[in-house]
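*Asks:* Can you read through this structure? Questions will come right after.
The values are calculated or read from the model by the stated rules, or taken from the named source; none is laboratory data. Computed from a prediction, not measured in an experiment: that's the story for all the values here. With ideal geometry, Cβ positions are generated from the backbone for all residues, glycine too; neighbour counts draw on all protein chains shown.
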Amino acid sequence: MRKFIIIGIILINLNGNLWADVYTSLTDGITKIVSPGTPGPISDMYDPAWKQIIGGDDDTSSPNVTMIARIYKNGRVVVHTLGGTLNKDYYDNKKLNQNITNWLNQKGGKSVALSNGHSEFHSLYGKANIFIEEAKASGYSVTTIETLNMENLQSIDVLVIGNAWSDFLDEEIIAVESFVKEGGGLLLTGLGWSWMGYHQYSTMEDYPMAKMCLAFKCKFLDHYVNDPTDKLFADKNDSPIFHTFYPNVQKDNLNKMIPKTVYDSLIELYKSTNGDNWKIATNWCEERGSECSWYGITCNRTNTNIVHINLSNNNLSGILSDSSINNLTEVNYLILMNNKLSGDIPDKIENLKKMTYLNLNYNQLSGNIPESIGNLSNLTF
């Protein structure tokens, strides 16, 4: 009987049903952490491989998952918006950094590298001192790396990319993904709302960290995470203290209140522009309630509607029909440049009265610009 029990456990492990236990080491010895400032949430894009590691409690704003982790082929990935923990020694922040580094180190070496060739905030402004000190105290060597290619990455065990604001080359993203597939550990730390706050004519899809995150099926969101009761400073509405950890973190339910009419317009947009041939169409046409995880879509901070659509340079072809845009009344950025769209600009574009930025350049559109576009009084660009 004992042999059968042991074999059964091994089979369950091979099927992945007990692998979740490996994630508990990320929060071993931790009772609470805080990242000074205002963190933001992360979406796992409905990929069940991700585990929610740190999140809010009953009165924390929603969505509130701020750290996720996954096994990716032979390597591991951690993503969080708790950048302040890399530089501030509050509560169990040091222990969290130690746990993350050790969990990511599947190669068994002792080499950590911080990416610093893409205006990474934590490298550029020395905002990772606590992380570096803790890694060195644990016997790791810590270096920096400018160009992310396999030649530079092959001697690295753990790579940290801390809130980059300059673009990665496509081949760098491919190299980082390959590094993880081959057993490397990757820590991505970013902050979606900070990017949007400083880049007026941009969307979340332009955020360099969003592009890197997308390779592993995750997404930084343009939201704040606050807690009215658990916070570092009683007189401020930021710096929430987190004390809910894996496996007790509740998975965020994003976008559950987005109107069906908006969902229908997005489906029509996909169909009328030959979505099956888009370069990237991650999660498009999934069930209602998943819209904010769709590639190119950004929701408002209450998860009740779509505010940005950026599908530039994505091989859209065909036409923009009235029904594909007439219900997108909360959209303020519509960016469809560098595609193969043809036909007229639809008259129903006048329904997008909150739109401040419209870019349809470098398509094959014909006909006159509809007079109704003149009704878009907020359009500035």
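*Asks:* Say whether the condition of being surrounded by fewer than 17 Cβ atoms within 10 Å (Cβ to Cβ) and either in the same structural domain as residue 90 (by TED's automatic domain parsing) or within 28 Å of residue 180 (Cα to Cα) (or both) is met by at least one residue in the stretch 262-275.
*Replies:* Within the stretch 262-275, not a single residue is surrounded by fewer than 17 Cβ atoms within 10 Å (Cβ to Cβ) and either in the same structural domain as residue 90 (by TED's automatic domain parsing) or within 28 Å of residue 180 (Cα to Cα) (or both).
*Asks:* Please specify each residue of the stretch 310-325 satisfying the condition of being in contact with a helix residue (DSSP H, G or I) (Cβ under 8 Å, 6 or more places away or on another chain) and either free of Cβ contacts under 8 Å to residues at least 40 places away in the same chain or more than 15 Å from residue 365 (Cβ to Cβ) (or both).
*Replies:* 310, 315, 322, 323, listed by residue number.
*Asks:* So, in the stretch 199-212, of the ones that are surrounded by 18 or more Cβ atoms within 10 Å (Cβ to Cβ) and of a type outside the set (A, V, I, L, M), which residue ends up farthest from the chain's Cα centre (by Cα)?
*Replies:* Applying the filter and picking the extreme gives 203.
*Asks:* Hey, does the stretch 260-279 have a residue that's in contact with an Asp or Glu (Cβ under 6 Å, 6 or more places away or on another chain) and modelled with pLDDT of 95 or more?
*Replies:* There is no residue in the stretch 260-279 that is in contact with an Asp or Glu (Cβ under 6 Å, 6 or more places away or on another chain) and modelled with pLDDT of 95 or more.
*Asks:* Out of 186, 191, report the one residue that is assigned by TED's automatic domain parsing to the domain that holds residue 119 and under 13 Å from residue 100 (Cβ atoms).
*Replies:* 186
*Asks:* Considering each residue of the stretch 151-208, count those that are in contact with a helix residue (DSSP H, G or I) (Cβ under 7 Å, 6 or more places away or on another chain) and of a type in the set (D, E, K, R), and give that number.
*Replies:* Qualifying residue count for the region: 1.
*Asks:* Scanning the stretch 127-146 for residues that are without any contact (Cβ under 8 Å) to a residue 40 or more places away in the chain and within 23 Å of the chain's Cα centre (by Cα), which turns out nearest to residue 157 (Cα to Cα)?
*Replies:* Among them, the one singled out is 145.
*Asks:* Scan the stretch 237-260 and tell me whether some residue there is touching a residue at least 24 places away in the same chain (Cβ under 8 Å), farther than 20 Å from residue 62 by Cα and in contact with a strand residue (DSSP E or B) (Cβ under 7 Å, 6 or more places away or on another chain).
*Replies:* No: the stretch 237-260 contains no residue that is touching a residue at least 24 places away in the same chain (Cβ under 8 Å), farther than 20 Å from residue 62 by Cα and in contact with a strand residue (DSSP E or B) (Cβ under 7 Å, 6 or more places away or on another chain).
*Asks:* Kindly check whether there is at least one residue in the stretch 113-121 that is in a helix (DSSP H, G or I) and under 23 Å from residue 38 (Cα atoms).
*Replies:* yes
*Asks:* Something else: Kindly indicate which of 148, 187, 153 is out of contact with any His (no Cβ under 9 Å at 6 or more places or on another chain), within 21 Å of residue 72 (Cβ to Cβ) and either modelled with pLDDT of 95 or more or among the small types (Gly, Ala, Ser) (or both).
*Replies:* 153
*Asks:* Mind checking whether some residue in the stretch 359-373 is under 28 Å from the mean Cα position of the chain (by Cα), closer than 18 Å to residue 306 by Cα and buried (at least 20 other Cβ atoms within 10 Å of the Cβ)?
*Replies:* No, the conditions are met nowhere in the stretch 359-373.
Matching residues to (1) at pLDDT 95 or above; (2) aliphatic (A, V, I, L, M):
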position	(1), (2)
47	no, no
54	yes, yes
60	no, no
64	no, no
67	yes, yes
70	yes, no
93	yes, no
97	yes, no
101	yes, no
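For every residue, the table says whether it meets (1) surrounded by fewer than 20 Cβ atoms within 10 Å (Cβ to Cβ); (2) of a type in the set (A, V, I, L, M, F, W, C); (3) in the same structural domain as residue 96 (by TED's automatic domain parsing).
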residue	(1), (2), (3)
214	yes, yes, yes
234	yes, yes, yes
251	yes, no, no
277	yes, no, no
309	no, yes, no
